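Let me begin by presenting the structure, written as structure tokens, before commenting on it.
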Amino acid sequence: MKRHLPLLVFLVALAVSPVMLSEFYVTLLNYIGLYSIVALGLVLLTGVGGLTSFGQAAFVGLGAYATGYLTTAHAVSPWLALLIGLALTAVVALILGFMTLRLSGHYLPLGTIAWGISLYFLFGNLDFLGGHTGLTSIPVLELFGYRLDTGRRFYYIIWIALLGAILATQNLLNSREGRAIRALKGGGLMAEAMGVNTARTKTVIFIIAALFACVSGWLYAHLQRFVNPTPFGLHIGIEYLFMAVVGGAAHVWGALVGAGLITVLKQWLQDILPKIFGQSGNFEVIFFGLMLIIVLQRARDGIWPWLIRVLPSMETGERVVAEAEPLPRRQMPATGAVVLEVKNARKVFGGLVANNNMSLTVKAGEVMALIGPNGAGKSTMFNCISGVAPVTSGEIDFLGQRIETLESREIVRRGMGRTFQHVRLLPTMSVLENVAIGAHLRGSKGVLSASLHLERTEEARLLAEAKRQLERVGLGGHLFDEAGSLPLGQQRLMEIARALCTDPCLLLLDEPAAGLRYLEKQALAELLRKLRGEGMGILLVEHDMDFVMGLADRVVVMEFGEKISEGLPEEVQKDPVVLEAYLGGVE
């Protein structure tokens, strides 16, 4: 009960506000609700997904103008106009997203500024939309015959829409699709290697944010019963982003906190500052600019993380992973069958030849070690095999099929799991959630199912699989720890668990023993022997020669991007070329 108390108090306060407050404050709350819906989309898009957009006000305009035009010029029902506006917004967002989301760095926000300005001037220059004068006489919204013709009556539909959007967004982020969304910010390469289509995921959250803005615009139009281009300009788009950042850009409830704080402060400052300076003007803009600088310096995570620290405890007690039916497993190849064959692989970066004429095979039920000095091209070879950095020339056959032209997410779907030389994880997510990303391709429920929380059975199975793999690598006691809090050795074990969640028949391990203590290395070696006994092929890059020679069935030695030796561990150890190049020279 204690953990739900703040929410219950908030909901009760919302319910009684129209009765207890004056018309002015009810109107203020209406606008806070409208702004929060837009800011919520920016939390999903910018705070969680890492895609900065200054153009959300234009999508608000699409929703407002769509219902304004359809209801006044063609007498369309406002509810039907909402559906048409959502469809129109989705199409426009898909087109703009296709063009914009290919950009990276500072080019992405510049792209959103460009189309935001374009749509703003489009609204003002189309005669059938009323030009800069706008549209008037937008009809009153009716719900089951009840006319929402005052701010007090309109209040509840705004806040029901906002709370519904918050609930749907929370459901989405706590799902398989939500983990893919959270992986976009700083984990895109890892997510692709685990089977996530990051381009699709970016487009999805871009469209969702646009649809939220459209709903806000539709509500705004029927609340005001008048629209013109002014509220949909670039400066308003910046203000929406400001709300999300101040409230807590990575937190769902931060949208509401930011919108509330900025709206109330703006109103107060517009009343107070002219009295101080003795003249009217947009002095509040100067104040907000300084405020944003301070927030970015002192509280980059926004106000919400600070707020929840002073609220009653939100802890739920002991957290557990529910038992669930195991996920289906793929059929392993017959022991001894060739699962991977690399033929004359060559990888060139500009004028640098990283791999040259590399050939090797890995069989089911064996551990193949790939060793060599630093810079020999071992990790590059891994990236070529797994599709992260496709080969310049040569062939790569996996389970009898050519894969050198496939994306990494398609290769992992065929049964190839991998870890990275430099650990790639999402540090603020739990260990369990990080590992569950590896099971992404083994689920099928989409965004709509996640938002409505209809994927709970599948989600339970995915989390149970992640728990099982963590227990296999000895991290069963760290399920709910933040991944970034683990020492390096345990982070590498977590990566192995994540790779095992993909249900591979070939496992690529890049320096898995780095950072492990002696007993941890022994436990890892025992796990790899067990996987080998189950028929899994393992391709291993490692610098610890004692670990390699005590585990590997065969060894390939690389130097300067080329293979210089291949054979059994004891043969390679005696090879004069290897001794000279890597193991210290001939005595």
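In the list Ala499, Ala464, Ala513, which residue meets the criterion of being touching a Gly at 6+ places or on another chain (Cβ under 7 Å), small (Gly, Ala, Ser) and under 26 Å from Pro427 (Cβ atoms)? The conditions single out Ala499. Exactly one residue among Phe128, Phe54, Phe98 is surrounded by 14 or more Cβ atoms within 10 Å (Cβ to Cβ) and either within 21 Å of Ala244 (Cβ to Cβ) or touching a residue at least 24 places away in the same chain (Cβ under 8 Å) (or both), and that residue is Phe54. All conditions but one from (1) exposed (fewer than 14 other Cβ atoms within 10 Å of the Cβ); (2) of a type in the set (Asp, Glu); (3) in contact with a Ser or Thr (Cβ under 6 Å, 6 or more places away or on another chain) apply to Glu325; the one that does not is (3). Summed over the range 186-202, residues that are under 15 Å from Gly105 (Cα atoms), touching a helix residue (DSSP H, G or I) at 6+ places or on another chain (Cβ under 7 Å) and surrounded by fewer than 21 Cβ atoms within 10 Å (Cβ to Cβ) total 1. For beta carbons closer than 7 Å, sequence separation of 6+ or different chains, a first residue in the range 487-510 that is at pLDDT below 95 and a second that is of a type in the set (Asp, Glu), the qualifying pairs are Gly489/Glu520. Scanning the range 321-362 for residues that are more than 33 Å from the chain's Cα centre (by Cα) and at pLDDT below 90 yields Gly351, Leu352. Which of (1) under 22 Å from Asp503 (Cβ atoms); (2) buried (at least 18 other Cβ atoms within 10 Å of the Cβ) is the odd one out, the single condition Ala337 does not satisfy? Just one mismatch for Ala337, condition (2).
For the range 381-413, the set of residues classified as of a type in the set (Gly, Ala, Ser) and under 11 Å from Met194 (Cα atoms) consists of Ser386, Ser408, listed by residue number.
Tell me which residues, restricted to the range 248-272, are without any contact (Cβ under 8 Å) to a residue 60 or more places away in the chain, surrounded by 15 or more Cβ atoms within 10 Å (Cβ to Cβ) and either part of a loop (DSSP other than H, G, I, E, B) or not charged (D, E, K, R) (or both). Spell out the reasoning first.
Within the range 248-272, the subset without any contact (Cβ under 8 Å) to a residue 60 or more places away in the chain is 257, 261, 265-266, 268-272.
Imposing the further condition that a residue be surrounded by 15 or more Cβ atoms within 10 Å (Cβ to Cβ) reduces the set to 257, 261, 265-266, 269.
Result: Val257, Leu261, Leu265, Leu269.
I want to confirm something. Restricting to the range 10-24 and keeping residues that are assigned to a helix (DSSP H, G or I) and surrounded by 14 or more Cβ atoms within 10 Å (Cβ to Cβ), which single residue is nearest to the chain's Cα centre (by Cα)? Give the derivation first.
Restricting attention to the range 10-24, the residues satisfying the condition of being assigned to a helix (DSSP H, G or I) are 10-20, 23-24.
In the following step, the residues that additionally are surrounded by 14 or more Cβ atoms within 10 Å (Cβ to Cβ) were identified as 14, 17-18.
Details: Leu14: 31, Ser17: 36, Pro18: 38 Å.
Looking at residues that are assigned to a helix (DSSP H, G or I) and surrounded by 14 or more Cβ atoms within 10 Å (Cβ to Cβ), I get Leu14.
Of the residues making up the range 392-410, at least one is more than 27 Å from Ile181 (Cα to Cα), in contact (Cβ under 8 Å) with a residue 12 or more places away in the chain and among the hydroxyl-bearing types (Ser, Thr, Tyr).
Results for (1) small (Gly, Ala, Ser); (2) surrounded by fewer than 22 Cβ atoms within 10 Å (Cβ to Cβ); (3) not in a helix (DSSP H, G or I), shown as yes or no for each residue.
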residue	(1), (2), (3)
Thr133	no, yes, yes
Pro139	no, yes, yes
Arg153	no, yes, no
Ile158	no, no, no
Ala165	yes, no, no
Ala168	yes, yes, no
Asn171	no, yes, no
Ile181	no, no, no
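For Arg498, indicate whether it is basic (Lys, Arg) and assigned by TED's automatic domain parsing to the domain that holds Gly443. Yes: the conditions hold for Arg498.
Among the residues of the range 273-320 satisfying the criterion of being assigned to a loop (DSSP other than H, G, I, E, B) and modelled with pLDDT of 75 or more, which is farthest from Gly258 (Cα to Cα)?
Let us first name the residues in the range 273-320 that are assigned to a loop (DSSP other than H, G, I, E, B), namely 278-282, 299-302, 311-320.
Those still in the list that are modelled with pLDDT of 75 or more too: 299-302, 319-320.
Details: Ala299: 13, Arg300: 13, Asp301: 12, Gly302: 8, Arg319: 30, Val320: 33 Å.
Top of the filtered list is Val320.
Filtering the range 476-498 to residues that are among the aliphatic types (A, V, I, L, M) and either in a loop (DSSP other than H, G, I, E, B) or crowded, with 24+ Cβ neighbours inside 10 Å (or both) leaves Leu479, Leu486, Leu493, Met494, Ile496, Ala497.
Just one of the numbered conditions (1) touching a Pro at 6+ places or on another chain (Cβ under 9 Å); (2) touching a residue at least 40 places away in the same chain (Cβ under 8 Å); (3) over 29 Å from Asp127 (Cα atoms) is not true of Ile208: (1). Out of the residues in the range 532-585 that are β-branched (Val, Ile, Thr) and in a helix (DSSP H, G or I), state the one that is surrounded by the most Cβ atoms within 10 Å (Cβ to Cβ). The residue in question is Val572. Pairing each residue of the range 361-384 that is in a loop (DSSP other than H, G, I, E, B) with any residue that is of a type in the set (A, V, I, L, M, F, W, C), provided the two are 6+ apart or on different chains, yields C-beta distances under 6 Å for Ala364/Ala337; Ala364/Val339; Gly372/Val557; Gly372/Met558; Ala376/Met558; Gly377/Ala354; Gly377/Met558.
The rows are residues; the columns are (1) within 25 Å of the chain's Cα centre (by Cα); (2) outside any helix (DSSP H, G or I); (3) at pLDDT 95 or above.
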| site | (1), (2), (3) |
| --- | --- |
| Trp79 | no, no, yes |
| Leu83 | no, no, yes |
| Leu86 | yes, no, yes |
| Thr89 | yes, no, yes |
| Leu94 | yes, no, yes |
| Arg102 | yes, yes, no |
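The C-beta contact set for the range 551-577 (first residue modelled with pLDDT under 90, second residue assigned to a helix (DSSP H, G or I) and small (Gly, Ala, Ser), distance under 6 angstrom, 6+ apart or interchain) comprises Glu559/Ala581. Within the set Gly417, Gly394, the sole residue that is in a strand (DSSP E or B) and under 30 Å from Glu482 (Cα atoms) turns out to be Gly417. Filtered by the rule that a residue be under 15 Å from Gln490 (Cα atoms) and over 20 Å from the mean Cα position of the chain (by Cα), the range 394-421 gives a lone residue, Gln421.
The values are calculated or read from the model by the stated rules, or taken from the named source; none is laboratory data. Only a predicted model underlies this, so the values are computations on that prediction, with no experimental measurement involved. Please note: Cβ atoms are built from the backbone with ideal geometry, for glycine as well, and neighbour counts cover all protein chains shown.
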